[in-house]
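None of the figures in this text is laboratory data; all of them are computed from the coordinates on show. All values derive from a computational prediction rather than experimental measurement. Every residue, glycine as well, gets a Cβ built from its backbone with ideal geometry; the counts of neighbours run over all protein chains shown.
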Amino acid sequence: MASIRRTLSPVPRAGGVANVEVCSVGSPLSKSSSSPHSTFGSLDSRAFVLGVFSPRSLRALERSKPKGQLWRKVLLHFLICFMIGVSIGFIPLASRNLSTNLMPKHQAFSFENTKIDSTSSVNEAMEFNVTLNSAVKEQDSNDKLVSEEPYLESQKLLIIVTQTVTNPFQAYYLHRFAQTLKLASPPLLWIVVEMTSQSEETAEILRNSGVMYRHLVCKSNVTDTSLRSIQQRNVALSHIETHRLDGIVYFADDDNIYSVEIFQQIREIRRFGTWTVAKLSEDKGSIVLEGPVCDGARVIGWHVSDSTTRSKRFHIEMPGFAFNSTILWDPKRWHRPTLEPIRQLDSVKESFRVSTLIEQAVEDESQMEGLMNNCSSVTGKKYEELWGMLLLSSHTLVAQM
């Protein structure tokens, strides 16, 4: 019996031995019973009681208790948070009602005054909005002006080539032509070519002209006037080719008078542009036309004034054409007839020098553009001589009448 109790009894622990001993005390009936069945029954009941109230069973009961109480705790926390939130939401309303109830009656007028002040502040806000709108409109207009500036910058550079020589009227001609160039819209580059050396007078005129310029020198010792002009133009062409200036090249003599419209129209040239020029005949007794005949902007023929020059390829005068400067230094782009540098030749007859220069830049009329209102407007060569001729003609007509 003693061996059975040792095997069934657990290891005594603190707090657990007293409970086992209390629960294992039998009733008087169990002590009086001496049969083996009662002995074994008491042992089974004790084992059952010890198993139920063992520490392992108590731990299982303790673990099952929080699972049943978890939802209650969560629900309780939710209700507490909900009530706190509702109370916080009603606090501003309660404070507003409390402040209105506690406000003295003599402060009602000041409250109305604050309403009037708020109205004035609204008016000030409206005035500020109007001012802001006007500022925005002004900014938009400034943005439009700024957006138009790139258009001006995108215009083609005008490269005006002028050869000049020392003479009594040189300063007058240069001053007058500089004033004309100032009227043309930028960008514009004025290339002035002198013979032998740069004169101080010409340099001073160019510095005070207000026009972007380059002052070049032709060091050729040519004495012939016509050949001298050729050499000066070739110096300018070489300068443009060397420095790869990108723009529209136009040869303008300083003793001619030019319309600003010409400088604006030649900016539209893509490759080569030409127009009709009026000039005096060989005997200076009449005015003749030299230049293209156009169908719209397409060149279809030429005005021929002299039967001896019918063999010329292009009947164009020097003031009657302009071309893209990239033709000089980018021949592959334009499929130029020759890859040789474009220069005016002094070895040909004088009446053919302009035509031979143009033949190096274009192949035929299909590569040309008619300018000056599709060749309907006429410019003049040596305007002073033309005006003198016109005045003489008008006096003759008056005398005949």
Computed magnitude of the charge dipole of region 147-243 (debye, nearest 20; Cβ of K, R +1, Cβ of D, E -1): 220
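Can you say what percent of the DSSP beta bridges in region 188-295, counting only those with both residues inside, are antiparallel? Round to 5.
40
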Restricting region 289-318 to trypsin sites (Lys or Arg not before Pro) in coil, as DSSP defines it, with at most 15 other Cβ within 10 Å: ARG310, ARG313
Amide H within-cut-off set for VAL378, under 5 Å, with H built and near neighbours excluded: none
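With a cap of 15 neighbouring Cβ atoms within 10 Å, and only residues DSSP puts in a loop, list the GluC sites (Glu not before Pro) found in region 253-286.
Working: sites: GLU261, GLU268, GLU282; in loops: GLU282.
Sites meeting the loop and neighbour criteria: GLU282.
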Two-decimal ratio, region 227-280, of alpha-carbon radius of gyration to 2.2 N^0.38 Å: 1.30
Ranked by how many other beta carbons lie within 10 Å on average, peptides 328-337, 76-85 from highest: 328-337, 76-85
Charge dipole (debye, nearest 20) of region 222-372; +1 at Cβ of Lys and Arg, -1 at Cβ of Asp and Glu: 380
Residue-span extension gain [HIS77 to ASN373] - 0.36 nm each, minus C-alpha spacing: 97.4 nm
Convex hull per residue volume in Å³, alpha carbons only, for region 184-228: 87
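Grab the alpha carbons of region 205-359, take their convex hull, and tell me the volume per residue in Å³.
159
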Sequence ranges 244-251, 319-326, ranked by mean other-Cβ count within 10 angstrom, highest first: 319-326, 244-251
Across LYS182/LYS312; LYS279/LYS312; LYS279/LYS349; LYS156/LYS279; LYS219/LYS279, pairs whose alpha-carbon gap is larger than 25 Å: LYS182/LYS312; LYS156/LYS279; LYS219/LYS279
Backbone HN-Hα couplings from phi across region 201-216 [Karplus 6.51/-1.76/1.60, Hz, Gly and Pro as x]: 5, 5, 4, 5, 5, 5, 5, 9, 6, x, 10, 5, 9, 9, 9, 10
